[in-house]
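A.B. asks: The structure is given below, and queries will be raised subsequently.
The values are calculated or read from the model by the stated rules, or taken from the named source; none is laboratory data. Computed from a predicted structure; not experimentally measured. Cβ: placed from backbone, ideal geometry, glycine included. Neighbour counts: every protein chain shown.
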Amino acid sequence: MNPQVIPYSHSIPQLCIECASELHYALWKIKMMDFFQTIHARQSVRAYQAKPVEAEHLEAILSAANQAPSAGNLQAFEVVVVRDPGMIQTLTNACFNQGFVAQAPVVLVFCADTARSGAKYGAMGEQLYSVQDATIATAYAQLAATAMGLATCWIGAYREEDISKLLELRAELRPVAMLPVGWPNETPPRLPRRALGEIAREYPPARA
Ligand SMILES: Cc1cc2nc3c(=O)[nH]c(=O)nc-3n(C[C@H](O)[C@H](O)[C@H](O)COP(=O)(O)O)c2cc1C
């Protein structure tokens, strides 16, 4: 088949059949789960194989993060991609020595760009919207990784100042989540969820 011709896939609705970019071709080659399968398949995996994550997978993950909604479409976040094993080990130490992080061939550090959102929305942008932008981008990245069979674990426990220093982040960037990404080396038991009736309620309450 001519690699420039990309069949439209219903499971990748943002695929453009006209631009024939390398990334879109890579996406087409990667077998992906459907949406609800992906949502239910995602779980925190804390053991990774000693196997690299290919550039096309990484690009697909970042591309998914780039599709996340953001306040005013400012996309007030940046992702630092760390592949250097020495740096990953150092970051791991700053994550209160959560040793499994160092097994991952790549760690993504999602940072809120407080100034970018703050310039438009003031304190709300600095303190809330930029953090929300970075957080939802992390979630999209995590689901994209899952859809391709990759494993991740959301890391929120770290010394923020240490991460900022290690990655030489600009003052306005605030690390809000880290994602080690790798091929899974364990199948953890699924953790239970609260009942829907506990987390959602109608307002005003339905009368009996
Ligand atoms: C904000 C946040 C912070 C988290 N921080 C960590 C962490 O530092 N280390 C870790 O191993 N897991 C961390 N997790 C993963 C949770 O423990 C996990 O999502 C939760 O137990 C549910 O399990 P599941 O992801 O397998 O469904 C974090 C998750 C979130 C959303």
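A.B. asks: Hey, does region 119-133 have a residue that's within 30 Å of Met32 (Cα to Cα) and of a type in the set (Phe, Trp, Tyr)?
C.D. replies: No, region 119-133 has no match at all.
A.B. asks: Could you check how many residues of region 135-158 are within 17 Å of Val80 (Cβ to Cβ) and more than 12 Å from the ligand (Cβ to nearest atom)?
C.D. replies: Number satisfying all stated conditions: 4.
A.B. asks: Determine whether region 179-200 contains at least one residue that is touching a Gly at 6+ places or on another chain (Cβ under 6 Å), among the hydrophobic types (A, V, I, L, M, F, W, C) and within 15 Å of the ligand (Cβ to nearest atom).
C.D. replies: The answer is no; no qualifying residue exists.
A.B. asks: Taking the criterion of being within 16 Å of the ligand (Cβ to nearest atom), among the small types (Gly, Ala, Ser) and either at pLDDT below 95 or farther than 20 Å from Pro184 by Cα (or both), would at least one residue in region 53-71 satisfy it?
C.D. replies: yes
A.B. asks: Going by what's in this entry, would Asn97 be described as of a type outside the set (A, V, I, L, M), assigned to a loop (DSSP other than H, G, I, E, B) and either in contact with a His (Cβ under 6 Å, 6 or more places away or on another chain) or within 15 Å of the ligand (Cβ to nearest atom) (or both)?
C.D. replies: Yes: the conditions hold for Asn97.
A.B. asks: Among (1) closer than 17 Å to Pro175 by Cβ; (2) within 16 Å of the ligand (Cβ to nearest atom), which single condition is Ser117 missing?
C.D. replies: The one condition Ser117 does not meet is (2).
A.B. asks: For region 69-118, how many residues meet the condition of being over 18 Å from Leu179 (Cα atoms) and among the hydroxyl-bearing types (Ser, Thr, Tyr)?
C.D. replies: Here the count works out to 3.
A.B. asks: Please go through region 140-174 and pick out each residue that is in a helix (DSSP H, G or I) and either at positive phi or buried (at least 18 other Cβ atoms within 10 Å of the Cβ) (or both).
C.D. replies: Once the filter is applied, which keeps residues that are in a helix (DSSP H, G or I) and either at positive phi or buried (at least 18 other Cβ atoms within 10 Å of the Cβ) (or both), region 140-174 yields Tyr140, Ala141, Gln142, Leu143, Ala144, Ala145, Thr146, Ala147, Ile163, Ser164, Leu166.
A.B. asks: Here's a follow-up. If a residue must be among the aliphatic types (A, V, I, L, M) and within 19 Å of the chain's Cα centre (by Cα), how many such residues does region 180-208 contain?
C.D. replies: Qualifying residue count, region 180-208: 1.
A.B. asks: OK, next. Return the pair list, or none, for Cβ contacts closer than 9 Å from residues in region 142-166 that are over 15 Å from Leu58 (Cα atoms) and without any contact (Cβ under 8 Å) to a residue 60 or more places away in the chain to residues that are among the hydrophobic types (A, V, I, L, M, F, W, C) and within 10 Å of the ligand (Cβ to nearest atom), at least 6 apart or on different chains.
C.D. replies: These pairs meet every condition: Gly156/Val176; Gly156/Ala177; Gly156/Met178; Glu160/Val176.
A.B. asks: Find the residue count for region 111-160, including only residues that are more than 20 Å from the chain's Cα centre (by Cα) and of a type in the set (A, V, I, L, M, F, W, C).
C.D. replies: Residues meeting the conditions: 4.
A.B. asks: Which residue is farthest from Pro105 (Cα to Cα), if the candidates are limited to region 38-59 and must be small (Gly, Ala, Ser) and in a helix (DSSP H, G or I)?
C.D. replies: Ala41
A.B. asks: Given the conditions (1) of a type outside the set (Phe, Trp, Tyr); (2) surrounded by 18 or more Cβ atoms within 10 Å (Cβ to Cβ); (3) farther than 17 Å from Gln43 by Cβ; (4) under 13 Å from the mean Cα position of the chain (by Cα), and given that Ala177 satisfies all but one, which numbered condition is not satisfied?
C.D. replies: Condition not satisfied by Ala177: (3).
A.B. asks: Starting from region 81-99, keep only residues that are over 17 Å from Tyr158 (Cα atoms) and among the charged types (D, E, K, R), then list their pairs with residues that are more than 16 Å from the ligand (Cβ to nearest atom) and assigned to a strand (DSSP E or B) whose Cβ atoms are within a distance under 9 Å, requiring at least 6 positions of separation or different chains.
C.D. replies: Arg83/Val106
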